[in-house]
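**Q** Below: one structure in structure tokens.
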Amino acid sequence: QKEVEQNSGPLSVPEGAIASLNCTYSDRGSQSFFWYRQYSGKSPELIMFIYSNGDKEDGRFTAQLNKASQYVSLLIRDSQPSDSATYLCAVNKNRDDKIIFGKGTRLHILP
Amino acid sequence: ETGVTQSPTHLIKTRGQQVTLRCSSQSGHNTVSWYQQALGQGPQFIFQYYREEENGRGNFPPRFSGLQFPNYSSELNVNALELDDSALYLCASSLGAANTGELFFGEGSRLTVL
């Protein structure tokens, strides 16, 4: 079982719709959860982090965490073509531990 | 504010050769992490350096080694290159050994091994 699993996609979503990206993790002791965005040919950039169960909203982005189900998701509202990228889910057990990335989900926003 | 810079951006080596990749961390950051990203995969953790000491290592063989200098810049060395070492090597800096998750990545060094 991989430590962080994501559907590689591609996930195609019409412009203006909600894109939903999902991630599961294997280590129940994981404490911190992150979403990074990576445009083609570029390096990853942090867009959201979440530590507690529930939802966290930042603009058009909402991160959701369910530790009991070991599940993290990212919702992107009012999807724009500029949101087309690979979204990487990342976790670590505690703040002194390495950060483990999933393989990413390719998101394609259809104009 | 100076971002994370990596060099070289692209390089081609042959099997068995050695390579050194360099990274300058973002101003004020004392921690550098190195990741390997193969095509279509997520970044794989190689190791992290905090104040010139290795502070965690991923599942990579000893031929992957590193250094961090007093100015917090870092090097990644790979000996006896293999074809599977072809990948994008990403350096990320952060403040403190505590992994808050706010990694600031450089643009990477793309290594091709022939």
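The values are calculated or read from the model by the stated rules, or taken from the named source; none is laboratory data. On a predicted model such as this, the values are computed, not experimentally measured, just so you know. In this analysis, Cβ positions are derived from the backbone assuming ideal geometry, glycine residues included, and neighbour counts consider all displayed protein chains. Surface accessibility is based on the protein's heavy atoms, side chains included, excluding ligands, DNA and RNA. Shrake-Rupley method; radii C 1.70, N 1.55, O 1.52, S 1.80 Å.
**Q** Whether any residue in segment B:67-88 is in contact with a Phe, Trp or Tyr (Cβ under 8 Å, 6 or more places away or on another chain), closer than 24 Å to A:Ala90 by Cβ and within 14 Å of chain A (Cβ to nearest Cβ) is what I want to check.
**A** Looking for residues that are in contact with a Phe, Trp or Tyr (Cβ under 8 Å, 6 or more places away or on another chain), closer than 24 Å to A:Ala90 by Cβ and within 14 Å of chain A (Cβ to nearest Cβ), one finds none in segment B:67-88, hence no.
**Q** For B:Gln37, all conditions in the list (1) out of contact with any strand residue (DSSP E or B) (no Cβ under 7 Å at 6 or more places or on another chain); (2) in contact (Cβ under 8 Å) with a residue 60 or more places away in the chain hold save one; what is the number of the exception?
**A** (1)
**Q** Taking segment A:54-99 as the region of interest, how many residues are closer than 30 Å to B:Glu54 by Cβ and among the basic types (Lys, Arg)?
**A** The total comes to 3.
Per-residue answers, yes or no, for (1) modelled with pLDDT under 95; (2) among the hydroxyl-bearing types (Ser, Thr, Tyr):
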| position | (1), (2) |
| --- | --- |
| A:Ala17 | no, no |
| A:Gly29 | yes, no |
| A:Tyr36 | no, yes |
| A:Gln80 | no, no |
| A:Arg95 | yes, no |
| A:Gly104 | no, no |
| A:Ile109 | no, no |
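**Q** A further question follows. Being surrounded by fewer than 21 Cβ atoms within 10 Å (Cβ to Cβ) and closer than 19 Å to A:Lys98 by Cα is the filter; apply it to segment B:89-114 and report the residue that is nearest to the other protein chains (Cβ to nearest Cβ).
**A** For segment B:89-114, the residue satisfying everything is B:Ala98.
**Q** Further question on the same structure: Specify the residue that is most open to solvent (accessible area, probe 1.4 Å); the eligible residues are those in segment B:1-60 that are aliphatic (A, V, I, L, M) and within 13 Å of B:Ser93 (Cα to Cα). I'd like the intermediate steps shown before the answer.
**A** If we filter segment B:1-60 for residues that are aliphatic (A, V, I, L, M), which is where we start, we get B:4, B:11-12, B:19, B:21, B:32, B:38-39, B:46.
Those left that are additionally within 13 Å of B:Ser93 (Cα to Cα): B:4, B:32.
Values: B:Val4: 21, B:Val32: 0 Å².
By that ranking, first place goes to B:Val4.
**Q** Of everything in segment B:71-88 that's under 15 Å from B:Gln26 (Cβ atoms) and open to solvent by less than 40 Å² (accessible area, probe 1.4 Å), which residue is modelled with the highest pLDDT? Talk me through it step by step, then tell me what you get.
**A** The first filter runs over segment B:71-88 and keeps only residues under 15 Å from B:Gln26 (Cβ atoms), leaving B:71-74.
Add one more test, that the residue is open to solvent by less than 40 Å² (accessible area, probe 1.4 Å), and what stays is B:73-74.
Values: B:Ser73: 94, B:Ser74: 97.
Step by step, filter segment B:71-88, then rank; the result is B:Ser74.
**Q** Moving on to the next point. With segment A:7-111 as the region, which strands (runs of 3 or more DSSP E) entirely inside it contain at least 1 residues that are within 14 Å of chain B (Cβ to nearest Cβ), at negative phi and surrounded by 14 or more Cβ atoms within 10 Å (Cβ to Cβ)? Spell out how you get there, then give the answer.
**A** Values: elements: A:11-14, A:19-25, A:32-38, A:45-50, A:54-58, A:61-66, A:71-76, A:85-92, A:105-110.
Where strands (runs of 3 or more DSSP E) fall fully within segment A:7-111 and carry at least 1 residues being within 14 Å of chain B (Cβ to nearest Cβ), at negative phi and surrounded by 14 or more Cβ atoms within 10 Å (Cβ to Cβ), they are A:19-25, A:32-38, A:45-50, A:54-58, A:61-66, A:71-76, A:85-92, A:105-110.
**Q** Yes or no: segment B:50-57 includes at least one residue that is among the polar types (S, T, N, Q), in contact (Cβ under 8 Å) with a residue 24 or more places away in the chain and under 17 Å from B:Gln18 (Cα atoms).
**A** Keep residues of segment B:50-57 that are among the polar types (S, T, N, Q), which gives B:55.
Narrowing the set further to residues that are in contact (Cβ under 8 Å) with a residue 24 or more places away in the chain leaves B:55.
Then drop every residue that is not under 17 Å from B:Gln18 (Cα atoms), which leaves none.
Within segment B:50-57, none of the residues are among the polar types (S, T, N, Q), in contact (Cβ under 8 Å) with a residue 24 or more places away in the chain and under 17 Å from B:Gln18 (Cα atoms).
Matching residues to (1) of a type in the set (D, E, K, R); (2) within 12 Å of the chain's Cα centre (by Cα); (3) within 27 Å of A:Tyr87 (Cβ to Cβ):
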{"site": "B:Ser7", "(1), (2), (3)": "no, yes, no"}
{"site": "B:Ser27", "(1), (2), (3)": "no, no, no"}
{"site": "B:Val32", "(1), (2), (3)": "no, yes, yes"}
{"site": "B:Leu39", "(1), (2), (3)": "no, no, yes"}
{"site": "B:Gly42", "(1), (2), (3)": "no, no, yes"}
{"site": "B:Phe45", "(1), (2), (3)": "no, yes, yes"}
